[in-house]
Amino acid sequence: MTEEVINKLPELFKDKLCTLKKASWDKSKKVSMCDSRIKVINFDNISKVYSKTKGLSSIPTSNDALYIDRNDKWYFIEFKNGSVDKSNIYRKLYDILIMLIELEIIPNIDFVRKNVHYILVYNSEKADVIPKSEGREENYKFFQRLSKSEVRLFDIDKFEKYLFEATHTYTKEEFLEKFVYPMEEQEKRAVV
């Protein structure tokens, strides 16, 4: 996030900033899924604050990070370094929206439908999306590039236009190419 965006953040978000590298840290495997230094909001910490504010005995589920670009587009990012449990992902989607509306960070669901993207970053070596075969993976990637289409896995596409402006599922490599590098470039241009 640019300094301009950070300065406009609600106070609740300002002290929850970290790097994308830290937000993508997998504690159990002791590895980050992304080494980028761009700043994001550590959303796990927002859940803790929300739970305490509401006097809840449990902490709602949340995504790992929130990035807001210069055009006020929001990007919720969830990193999955192992298997992907769709029901857990879906629960997180609803929990974060309820929290943000109740905390009055976003005005309503219509704001989300017009301004928020959801990105699920998964480890293609561990998610068991397609049975392993080097030839099959190369063919799959070739036809995906040829069609210029984006594959959205884990039924995440059903939330597009219903809850979010857009949804994406990216491998770690696709995440770098389609999100991190463009945002890093956008931030460089903002400084100049």
Between Glu11, Glu102, Glu125, find the one with the highest GNM mean-square fluctuation for the chain; connect C-alpha pairs within less than 10 Å.
Glu11
Probe radius 1.4 Å, ligands and nucleic acids ignored: give me the carbon and sulfur share of the accessible area of the chain as a rounded percent.
50 percent
From the square roots a ≥ b ≥ c of the eigenvalues of the alpha-carbon gyration tensor of region 52-100, which class results: rounded (a/c under 1.5), prolate (a/b over b/c), or oblate?
oblate
Is the shape of region 1-104 rounded, prolate or oblate, going by the alpha carbon gyration tensor and its root eigenvalues a ≥ b ≥ c, with a/c under 1.5 for rounded and a/b larger than b/c for prolate?
oblate
Which value in nm describes the separation of the simple spin-label points at Lys52 and Val151, placed 7 Å from the Cα toward the beta carbon?
4.3 nm
Kirkwood hydrodynamic radius of the chain from all distinct Cα pairs, in Å?
17.5 Å
³J(HN,Hα) across region 113-122 via Karplus (A = 6.51, B = -1.76, C = 1.60, θ = phi - 60°), whole Hz, x for Gly/Pro?
4, 9, 9, 10, 10, 10, 10, 10, 9, 10
Any idea how far the Cα center of region 1-39 sits from the one of region 155-192, in Å?
15 Å
Quick one: ranking Thr61, Thr2 by accessible area, 1.4 Å probe, largest first, what do you get?
Thr61, Thr2
Please build a GNM for the chain, connecting alpha carbons under 10 Å apart, and tell me which residue among Lys48, Lys27, Lys114 fluctuates the most.
Lys27
Per residue, accessible area of the chain with a 1.4 Å probe, heavy atoms of protein chains only, in Å², comes to 56 Å²
Taking the chain and counting helices only, DSSP H stretches of n ≥ 4 at -39,500 (n - 2.57) each over all residues, the nearest-500 ellipticity at 222 nm comes to -11500 deg cm²/dmol
For the pair Ser28 and Glu165, how long in nm is the line joining their label points, each one 7 Å along Cα→Cβ?
3.4 nm
Kindly identify region 1-61 as rounded, prolate or oblate by the Cα gyration tensor criterion: order the square roots of the eigenvalues as a ≥ b ≥ c, call it rounded if a/c is under 1.5, otherwise compare a/b with b/c, prolate if a/b is larger, else oblate.
oblate
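The values are calculated or read from the model by the stated rules, or taken from the named source; none is laboratory data. As the structure is a prediction and not an experimental result, all values here were calculated from the model. Neighbour counts run over all protein chains shown; Cβ positions are idealised from the backbone, glycine included. For accessibility, only protein heavy atoms count, side chains too; no ligands or nucleic acids. Shrake-Rupley method; radii C 1.70, N 1.55, O 1.52, S 1.80 Å.
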